[in-house]
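The numbers here are math on the coordinates, done by the rules we state, and not lab data. The model shown is predicted, which means the values in this text are computed figures rather than measured ones. Neighbour counts are summed over all protein chains in view; Cβ atoms, including those assigned to glycine, are modelled from backbone coordinates with ideal geometry.
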Amino acid sequence: MASSGGVNRNVCVTGAGGFIASWLVKLLLSKGYVVHGTVRDPGSQKYEHLVKLEKASENLTLFKADILNYESVYSAIVGCSAVFHVACPVPSTVVHNPEVEVIEPAVKGTTNVLEACLKANVERVVFVSSIAAVLINPNLPKDKVIDESFWSDKDYCKKTKNWYCFAKTEAEEQAFNFAKRTGLRMASICPSLVLGPILQSTTNASSLFLIKLLKGDDSLENRQRWIVDVRDLVNALILAYESHEEGRYICTSHTFTTQDLADKLKSIYPNYKYPINYTEVAEYKMLSSEYTMLSSEKLQNLGWKFRPIEETLVDSIESYKKAGLLESE
Ligand SMILES: NC(=O)c1ccc[n+]([C@@H]2O[C@H](COP(=O)([O-])OP(=O)(O)OC[C@H]3O[C@@H](n4cnc5c(N)ncnc54)[C@H](OP(=O)(O)O)[C@@H]3O)[C@@H](O)[C@H]2O)c1
């Protein structure tokens, strides 16, 4: 077990090969942490980027674990002082079997991770939730800044078949109930749409959103988007951990409609195709008709800062090109 001045520097990251988790692993390694990363298929080429990270050879161990299998999760967590629970399916297409594809891994997966943390005497958990657990509520006030006291309405999520939002809300609620009942110390971070350069070689749901925009996909909804850079998000996750924070933190930096975002991109990359038409979706009208003000003030009060949107967009697009996911203009 690595220690510095008697402090256990071993931490676990669930779903280590994903978009956000890969950046988290990179930053943790650069800060001298010893990282246990859980992956479902350790032999797979899709985790090559993790093995190549600086200090990975000394300080990164990949554990085969499915968050639906408690024993496998426990084996990865034991000996760690902190767990960053990031793993969760993020669907980019229609979900046909919500229970199996999203709800069970989000909710049961989170319970397994928290139970393993308790048994392994983990000091603190940082849970990656989402603004999907904050905003999906028809009764959201229009005249108020939305902060951490707001929660998505689970019945409304079900009624509108918004399974990912339902699952994230249920998972976060159950996680806080678990923490309250057992005394486990937990902070949850609720990021908005996460963009920024990819370390992995494949797309994930949020990078796919930007790629579709650049390919002129007309199926995109012209609704309000709150955006945060993946590098700023992982700074927030580590900040919350290192400042011993508990409770909920919204993590977002910039607000655009889809069309305004496309215009911003067009001013930097004029030669991509971009959508001509956008889809209007009834259930989002409440969010798209005017700007809902979402606040990260609580996080900013801890000293959190974010970069300009132009940097996020340029670095994202250059990384997609480098990974062969997007042609040059
Ligand atoms: N991207 C966004 O815009 C955004 C916004 C708000 C919140 N979030 C949250 O951020 C987290 C990461 O998202 P991401 O964008 O980085 O997604 P991602 O790239 O698709 O990564 C998801 C990760 O979850 C893992 N996973 C899924 N089911 C699992 C299971 N049963 N057992 C173990 N691991 C499992 C996957 O592991 P494998 O490698 O084994 O497939 C993958 O590493 C999620 O909790 C998501 O809800 C994302």
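Points to keep in mind about this one:
- Straight-distance candidates among the lysines for linking to K108, with alpha-carbon spacing under 28 Å and chain neighbours fewer than 8 residues away dropped: K26, K46, K64, K119, K154, K158, K159, K161, K168, K180.
- Angle in degrees between helix 163-182 and the longest Cα principal axis of the chain, rounded to the nearest 10: 30 degrees
- Relative to the dominant Cα principal axis of the chain, helix 104-119 is inclined by about 30°.
- Normalising the average separation of contacting C-alpha pairs (under 8 angstrom, six or more residues apart) by the number of residues puts the relative contact order of the chain at 16 percent.
- Under 18 Å, Cα to Cα: Lys pairs in the stretch 194-327, sequence gap 8 or more or different chains: 13
- For q = 0.23, 0.29 Å⁻¹, Debye-computed log10 I/I(0) when each Cα of the stretch 165-235 counts as one equal scatterer: -1.11, -1.28
- Within the chain, DSSP assigns beta bridges of which about 15% are antiparallel (rounded to the nearest 5).
- The phi-based Karplus calculation (6.51 cos²θ - 1.76 cosθ + 1.60; θ = phi - 60°) puts the 3J(HN,Hα) values of the stretch 191-202 at x, 7, 4, 9, 10, x, x, 9, 9, 6, 9, 10 Hz, whole numbers, x for Gly and Pro.
- Relative contact order computed over the stretch 1-94 (Cα-Cα under 8 Å; 6+ residues apart), in percent: 36 percent
- Hull volume per residue, based on the alpha-carbon atoms of the chain and their convex hull, is 131 Å³.
- Working note: Karplus 6.51/-1.76/1.60 with θ = phi - 60° gives the stretch 207-217 the couplings 5, 4, 4, 5, 5, 4, 4, 6, 9, x, 5 Hz, where Gly and Pro are set to x.
- In order through the stretch 11-19: 3J(HN,Hα) via Karplus (6.51 cos²θ - 1.76 cosθ + 1.60), integer Hz, x for Gly, Pro: 9, 10, 10, 7, x, 4, x, x, 4
- Positive-pole candidate from L118, T202, A133, dipole of the chain, charges at beta carbon: L118
- Legend: calculated FRET efficiency, K144 to Q259, from the Cβ-Cβ distance at R0 = 25 Å, rounded to 0.05, equals 0.45.
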